[in-house]
Amino acid sequence: GKTTSYPTKKWKIFILLLGAQEFKLHRETAHLTCNYIDRYLSASTKTKKNQLQLLGVTSLFIASKLEEIYPPNAKDFCAVTDGLYTIEDIHSMELDILKVFFFIPISPLNISFPILNSIIPSSSSSSL
């Protein structure tokens, strides 16, 4: 896949943090959004620089549906872009992202491991 330049990556993270802050989303949602953006950019060769905001907003939309109890809807994300993108744009990009992920949006994140370690008993304390 191709790599994203530092200024581009810095910009997408800035957009992501603004969106997460705007909606008061959980930290895990922001991490999952970064994961989606990186995975999509690594796998897709058709992303244009002017689509990065749409990719970021849509990745945040997908991640919030998975991580948040009350996720914002597509209309809310359109408002964050000041009407630059429509609900149809977000849904179309959502489908593109999910196609790239083969409709499997979940992947383990480093942030999840401390939580898993506190839930899963260690092998030394197991009575198997």
Exercise. Go through (1) within 16 Å of M93 (Cα to Cα); (2) crowded, with 19+ Cβ neighbours inside 10 Å; (3) modelled with pLDDT of 90 or more and name the single condition L25 misses.
Key: (1)
Exercise. Give me a count of the residues in segment 29-83 that are open to solvent by 70 Å² or more (accessible area, probe 1.4 Å), in contact (Cβ under 8 Å) with a residue 24 or more places away in the chain and basic (K, R).
Key: 1
Practice problem: Take segment 43-65 and flag every residue that is at pLDDT 90 or above and polar (S, T, N, Q). | Solution: T58, S59, S64
Quiz item: How many residues does segment 84-98 contain that are under 15 Å from D38 (Cα atoms) and loosely packed, with under 14 Cβ neighbours inside 10 Å?
Solution: 0
Quiz item: If you go through segment 26-66, how many residues are among the basic types (K, R) and assigned to a helix (DSSP H, G or I)?
Solution: 4
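The values are calculated or read from the model by the stated rules, or taken from the named source; none is laboratory data. Remember, predicted model here, so these are calculated numbers, not experimental data. Neighbour counts are summed over all protein chains in view; Cβ atoms, including those assigned to glycine, are modelled from backbone coordinates with ideal geometry. The protein model used for the area step is the full one, side chains on, heavy atoms only, and it has no ligands, DNA or RNA in it. Shrake-Rupley method; radii C 1.70, N 1.55, O 1.52, S 1.80 Å.
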